[in-house]
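The values are calculated or read from the model by the stated rules, or taken from the named source; none is laboratory data. None of these values were measured; they are calculated from a predicted model. Note that we place each Cβ from the backbone using ideal geometry, even for glycine, and neighbour counts take in every protein chain shown.
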Amino acid sequence: MNIFFAILIIFIILYILLNWFAKTSTKKISKFVRTFIIISSILLAVIMAYAGRYIFSLPFMLAILPLIKTKAGISLFQLFRLWGLLRVLKNSGRFNFNQFNQNVSSQAMSIDESYRILNLDPKKKYTKDEVLQSYKKIMKKIHPDRSPELNNIATLVNEAKENVIKYIS
């Protein structure tokens, strides 16, 4: 029933607008159209300036990121988590995009570094199941079957998992 009234109101407004359009001169119509375009442009600019503060704010971006999907099938939020993992590995010297440094990767991985790679807090106590759950969550994103280029990162995540499991046992 509400749709019927909405369509009726739209048709009445359209009828009145077309009736006015047919009876007025072209100069009045062109002046009205120019004035309407200028006023609507200014109004749109004000709305965009006001809304832009919220659209580009961090809470809004974090709220909308899970809704946006990439072609790979993972959300942008997951891409940010993957980027964080790569940053941790790069800062530790274990992964470099240009070349893979074999000397650094042969060093033993510290427990702190292993916790950070698995996105766990080193100060908390974790069970083996919690460590494996975090490991599986990361491996879903970087498994070598998804992309062969991620093989080196997957190796480091496996090593981190083994270190943490040995440490908590």
Any residue in the range 115-138 that's on the phi > 0 side of the Ramachandran plot: show its pairings with residues that are of a type in the set (Lys, Arg) and modelled with pLDDT under 90 at Cβ separation under 9 Å, as long as the two are six or more apart or on different chains.
119/81; 119/137
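Can you say whether residue 54 is among the hydroxyl-bearing types (Ser, Thr, Tyr) and at pLDDT 60 or above, as far as the supplied structure shows?
So residue 54 does not fit the description; no.
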Log entry, pairs with first residue in the range 145-169 being over 25 Å from residue 128 (Cβ atoms) and outside the structural domain of residue 92 (by TED's automatic domain parsing), second being surrounded by 12 or more Cβ atoms within 10 Å (Cβ to Cβ) and of a type outside the set (D, E, K, R), beta carbons closer than 8 Å, six or more apart or on different chains, reads none
Residue 144: passes all of (1) within 15 Å of residue 84 (Cα to Cα); (2) at pLDDT below 85 but (1)
Selected residue (criterion: modelled with the highest pLDDT) from residues of the range 78-119 that are assigned to a loop (DSSP other than H, G, I, E, B) and within 19 Å of residue 165 (Cα to Cα)
118
From the list 48, 61, which one is of a type outside the set (D, E, K, R), outside the structural domain of residue 134 (by TED's automatic domain parsing), at pLDDT below 60 and touching a helix residue (DSSP H, G or I) at 6+ places or on another chain (Cβ under 9 Å)?
61
